[in-house]
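Structure record follows, encoded as structure tokens.
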Amino acid sequence: MERLQEVMAGDDFVLLAVNTEENGRSIVPAFLEKTRYTFPILYDDKGVVQKLYGVFKFPESFIIRKDGTVAEKIIGPLDWSSLETIAYFQGLTKG
């Protein structure tokens, strides 16, 4: 995800990660000290966003358009740095 963030920097693009663990606020900062990310990590320790989007399997990713609608829901891992993935996001931001 960090590689995608680096490539898309300067484009009309926002990458957010959402941690849904109840203890995320206590464990994520230590993880981030070892592995730096330049995109925001949000906490959903009450499960509000998880319920809103119907997330029950992990990882799940949502591609959300500027108007707030979900363009795609991806269940399972994704190679965020693959050429295909980068081209997909570049295409979304261009038009």
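No value in this document is a laboratory result; all are computed from the given coordinates. A quick note: this is a predicted structure, and the numbers were derived from the prediction, not measured. Note that each Cβ is placed from the backbone with ideal geometry, even for glycine, and that neighbours are counted across all protein chains shown.
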Checklist line | FRET efficiency, 1/(1 + (r/R0)^6) with R0 30 Å, evaluated for Ser26 and Ile86 via beta carbons | finding: 0.35
Next item on the list: Return one number: the angle in degrees, 0 to 90 and rounded to the nearest 10, between the long axis of the Cα atoms of helix 24-34 and the longest principal axis of the Cα atoms of the chain.
Entry: 60
Check: Looking at region 2-88, how many pairs of lysines come closer than 24 Å at the Cα, when each pair is eight or more places apart or spans two chains?
Finding: 5
Margin query: Let's see if you can work this out: charge +1 on each Lys and Arg Cβ, -1 on each Asp and Glu Cβ, no other charges. What is the dipole magnitude of the chain about its Cα centre, in debye to the nearest 20?
Written below: 140
Check: Among the aspartates and glutamates, which have Cα under 18 Å from the Cα of Lys94 when same-chain residues fewer than 8 positions away are ignored?
Finding: Glu6, Asp11, Asp12, Asp67, Glu72, Glu84
Notebook entry, point to check: So how tilted is helix 83-94 from the main axis of the chain? Cα-based, degrees 0 to 90, rounded to 10.
Noted result: 80
Next item on the list: Determine the calculated [θ] at 222 nm for the chain from helices alone, applying -39500 (n - 2.57) to every DSSP H run no shorter than 4 residues and normalising by the residue count; nearest 500 deg cm²/dmol.
Entry: -10500 deg cm²/dmol
Checklist line | Rh by Kirkwood over Cα pairs, then Stokes-Einstein D for the chain at 1.002 mPa s and 20 °C, µm²/s | finding: 147
Next item on the list: Pairs of Cα atoms under 8 Å, at least six residues apart: use those to get the relative contact order of the chain, whole percent.
Entry: 29
